[in-house]
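Data block below; observations after.
The values are calculated or read from the model by the stated rules, or taken from the named source; none is laboratory data. What you see is a predicted model; the values in this text were computed from it and never measured. Neighbour counts are summed over all protein chains in view; Cβ atoms, including those assigned to glycine, are modelled from backbone coordinates with ideal geometry. SASA here: full protein model, heavy atoms, side chains in, ligands and nucleic acids out. Shrake-Rupley method; radii C 1.70, N 1.55, O 1.52, S 1.80 Å.
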Amino acid sequence: MVRSIRFWCQLFRLLEDAGRPGQMKSTRFGHELLDTETGWDPYLEDPATLWLLHWQIFKPPFLGISWNIAFSFVTLSEFSLSELAEAIQLRAREYPGLRSIAKSSFEKDSSCMLRMYESGFHERADIRCPFTELRIIEPATEELRSDCFRFSTGAKRSLPDLIFMSAVFEYAALWFPGQRSLSLSQIVFDPNSPGMAFRLSETDCGCRIEQICRQLQNALFTDTSGIRQLQFQADPMDLASECLKNYYKGLR
């Protein structure tokens, strides 16, 4: 159980290696989010915080590689547990460092993923994962296959625009350092992008970006010759932090 807690806290960027064997320490993000006196949401009461934690999985260095592959590269319209595991494994074989991972590991990850996001998977579980509230994986439409699921591409009404936008700016900072613009296509379709992580449509992403850019002084959403771009002058990590602070400040 201790190993499991440590893994999930590291995956969500709440804890990091303290530099001494066996010891961990709170990350800056973990402190800002969970500090009992000054934290944004110390008791994880706001559903939006689940989206924020979900986004941490898609930031390098990758600790949950099956999640990264599933959300960014699995193109199955519908899948069972075994089909999801097989699709992840096939993609993992394209990377030399992942070829030695046993199929059973991907099967365990796939089972964990379905338990995490789909409320109907193994309904008899004593404790339901809070991430099922995101409804990012849902039952497939085929009534004859109760074991079949799909990624939900519908509107994510519980995902606030500011939480989404903070992910966009972090994505820019982590993947395109020094760059001061991103195309809407990159934000929506590139691997580990906010669009893929949150499973949002291009229209939804564009509307959210346009709405938030009206509130920020250092960001602009442009449309030139049909190419829609997010442009920003300030450091994207500072803009990401500004979005988070503005969101949680509005809850107080």
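Of all residues in the range 161-216, those satisfying the criterion of being open to solvent by less than 10 Å² (accessible area, probe 1.4 Å), hydroxyl-bearing (Ser, Thr, Tyr) and not in a loop (DSSP other than H, G, I, E, B) are Ser166, Tyr171. Return yes when Phe58 is of a type in the set (Phe, Trp, Tyr) and open to solvent by 60 Å² or more (accessible area, probe 1.4 Å) and no when it is not. For Phe58, the condition - of a type in the set (Phe, Trp, Tyr) and open to solvent by 60 Å² or more (accessible area, probe 1.4 Å) - is not met.
Between Ser4, Ser77, Ser66, the distinction of being within 23 Å of Ala197 (Cβ to Cβ), in a helix (DSSP H, G or I) and touching a residue at least 40 places away in the same chain (Cβ under 8 Å) belongs to Ser66 only. With respect to being closer than 30 Å to Cys243 by Cα and not hydroxyl-bearing (Ser, Thr, Tyr), Pro60 fits the description. Against the numbered list (1) exposed (fewer than 15 other Cβ atoms within 10 Å of the Cβ); (2) closer than 30 Å to Tyr43 by Cα; (3) touching a residue at least 60 places away in the same chain (Cβ under 8 Å), Lys249 comes up short only at (3). Could we say that Ser110 is without any contact (Cβ under 8 Å) to a residue 60 or more places away in the chain, polar (S, T, N, Q) and over 28 Å from Ile187 (Cβ atoms) here? For Ser110, the condition - without any contact (Cβ under 8 Å) to a residue 60 or more places away in the chain, polar (S, T, N, Q) and over 28 Å from Ile187 (Cβ atoms) - is not met. Restricting to the range 217-246, and then to whatever is in a loop (DSSP other than H, G, I, E, B) and in contact (Cβ under 8 Å) with a residue 40 or more places away in the chain, can you tell me which residue is surrounded by the most Cβ atoms within 10 Å (Cβ to Cβ)? By that ranking, first place goes to Asp235. A search for C-beta distances below 7 Å between a residue of the range 187-205 that is closer than 17 Å to Ser66 by Cα and any residue that is outside any helix (DSSP H, G or I) and basic (Lys, Arg), counting only pairs 6+ apart in sequence or on different chains, returns Phe198/Lys156.
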